[in-house]
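Here's the structure we're looking at; comments come further down.
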Amino acid sequence: MQLNSLGLDVKKTENLVKDLNNLLANFQLYYQNLRGIHWNIRGKRFFDLHPKFEELYNDSQEKIDLIAERVLTLGGTPLHTFEDYIKAGKVPVGKNVHQDEAAVTLVVDSLTELLKIERVILDESADAGDEGTNAMMSDFITEQEKTVWMMKAWLDEKI
């Protein structure tokens with residue numbers, strides 16, 4: 001087994017970089033969804049949802065940077081084109097979403113996809129002994145599970 005300068009298995013690290021880039025691409029799509037629903041939300045819940053969506057897109061922007069920097073830390077190159085993002089995309093794309101329930105459902109559906117990707121990375125990073133990636137995924141998952149719960153509660157739906 002060949003180790004890199006971080007003491008991690010080179011092959012396992014390459015796989016993590018691939019999956020982190022997949023997460024990065026999907027986070028970029030999620031971010032664009034959040035910008036769109038922030039800009040386009042209308043109706044009686046505007047004053048509640050408009051700032052909430054801004055909070056979520058600011059948070060996702062920070063996470064995007066953390067993911068890209070982790071890719072670099074592991075020796076990879078972060079994806080950075082819309083072509084790459086769309087090719088890797090699993091997160092649903094919301095276009096012209098302005099109705100409150102549709103917007104919140106888009107957030108839940110997007111986070112559900114991100115959580116699937118993050119859980120795969122969590123397992124892989126644990127197997128690789130990559131505590132940095134593992135801790136980041138654990139933090140993301142904990143926070144996003146709570147957001148899904150809150151959004152589902154807002155929708156009056158169970159988890």
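Each reported figure results from applying straightforward, stated rules to the coordinates on display, with no laboratory input. Predicted, not measured: the structure shown is a model, and the values here were computed from it. Don't worry about glycine lacking a Cβ; one is built from the backbone with ideal geometry, like all the others, and counts go over all protein chains shown.
Assorted remarks:
- Compactness of segment 1-89 - radius of gyration and Dmax, Cα, Å: 16.6, 60
- In terms of surrounding Cβ atoms within a 10 Å radius of their Cβ, Met137, Met1, Met150 rank from fewest to most as Met1, Met150, Met137.
- The distance separating the Cα centre of segment 33-97 from that of segment 107-152 comes to 15 Å.
- Under the simplified labelling scheme, the Lys158-Val93 pair shows an inter-label distance of 3.6 nm, with each label point 7 Å from Cα along Cα→Cβ.
- Only Lys, Arg (+1) and Asp, Glu (-1) charged, at Cβ; segment 1-125 dipole about Cα centre in debye: 280
- Mean residue ellipticity at 222 nm, helices only, the chain: -26500 deg cm²/dmol; runs of at least 4 DSSP H residues each add -39,500 (n - 2.57), and the sum is divided by the number of residues.
- Going from the fewest other Cβ atoms within 10 Å to the most, the residues Phe140, Phe47, Phe82, Phe27 appear in the order Phe47, Phe82, Phe140, Phe27.
- In a fully extended conformation the segment linking Arg42 and Asn15 would gain 5.5 nm over its present Cα-Cα distance, using 0.36 nm per residue.
- Among Asp9, Asp48, the order by Cβ neighbours within 10 angstrom, fewest to most, reads Asp48, Asp9.
- Length added when fully stretched, Arg35-Leu6, from 0.36 nm per residue minus Cα-Cα: 6.8 nm
- Kyte-Doolittle mean at least -0.5 and Cα axial length at least 18 Å: DSSP H helices in the chain: 46-73, 100-128, 131-154
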